[in-house]
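The values are calculated or read from the model by the stated rules, or taken from the named source; none is laboratory data. Here the structure is a predicted model, which means the values were calculated and not measured. With ideal geometry, Cβ positions are generated from the backbone for all residues, glycine too; neighbour counts draw on all protein chains shown.
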Amino acid sequence: MKPAESPFQFLLFDVSDDGSGVVTLEAMVSVRPERLGAVQEEWRQIIDWAQGIFPDQQGPLDDGHLWDTSVCEDKGDDGWTTLTLTLTGQPAFMEALDARFGLLG
């Protein structure tokens, strides 16, 4: 059962499927320093869940892992920080993720 609405205030994901069942979620967020911790906490909720439910299964999918993640952080001269958060997973992982957080729409 999916949650009625997203549990996140800052993270909004674009979803793409490579045609073979591998799904990629990507969120790009630009925030002032005082909001950075809140964005990181939302991301940490997802990663902590993934590590708890699918321990030792994180890594390159091409190497047989179930899920992987990356974070790119860019601190601008204007004081804003842009985070690009990516989560990629095999079907079993993404089905469980969607059941927990309702991110696949």
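Here are the numbers:
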read-out: Breaking point among (1) over 20 Å from GLU95 (Cβ atoms); (2) modelled with pLDDT under 95; (3) of a type outside the set (A, V, I, L, M); (4) within 11 Å of the chain's Cα centre (by Cα), for GLU42; value: (2)
read-out: Qualifying position, being of a type in the set (S, T, N, Q), touching a Lys or Arg at 6+ places or on another chain (Cβ under 6 Å) and at pLDDT 95 or above, among THR81, THR69; value: THR81
read-out: The range 48-75, subset charged (D, E, K, R) and either touching a residue at least 24 places away in the same chain (Cβ under 8 Å) or touching a strand residue (DSSP E or B) at 6+ places or on another chain (Cβ under 6 Å) (or both), residue farthest from SER30 (Cα to Cα); value: ASP68
read-out: Selection within the range 24-39 - without any contact (Cβ under 8 Å) to a residue 24 or more places away in the chain and not small (Gly, Ala, Ser); value: GLU34
read-out: Cβ-Cβ under 6 Å pairs, at least 6 apart or on other chains, the range 78-100 side closer than 15 Å to ILE46 by Cβ, far side surrounded by fewer than 14 Cβ atoms within 10 Å (Cβ to Cβ); value: LEU83/GLU73; THR84/CYS72; LEU85/VAL71; THR86/SER70
read-out: Qualifying residue in the range 51-58 (condition: polar (S, T, N, Q), assigned to a strand (DSSP E or B) and under 20 Å from ASP14 (Cα atoms)); value: no
read-out: Residue satisfying all of: in the range 63-81; assigned to a loop (DSSP other than H, G, I, E, B) and either aliphatic (A, V, I, L, M) or over 17 Å from the mean Cα position of the chain (by Cα) (or both); nearest to MET94 (Cα to Cα) among these; value: LEU66
read-out: Positions within the range 82-101 being of a type in the set (S, T, N, Q), part of a strand (DSSP E or B) and crowded, with 17+ Cβ neighbours inside 10 Å, in sequence order; value: THR88
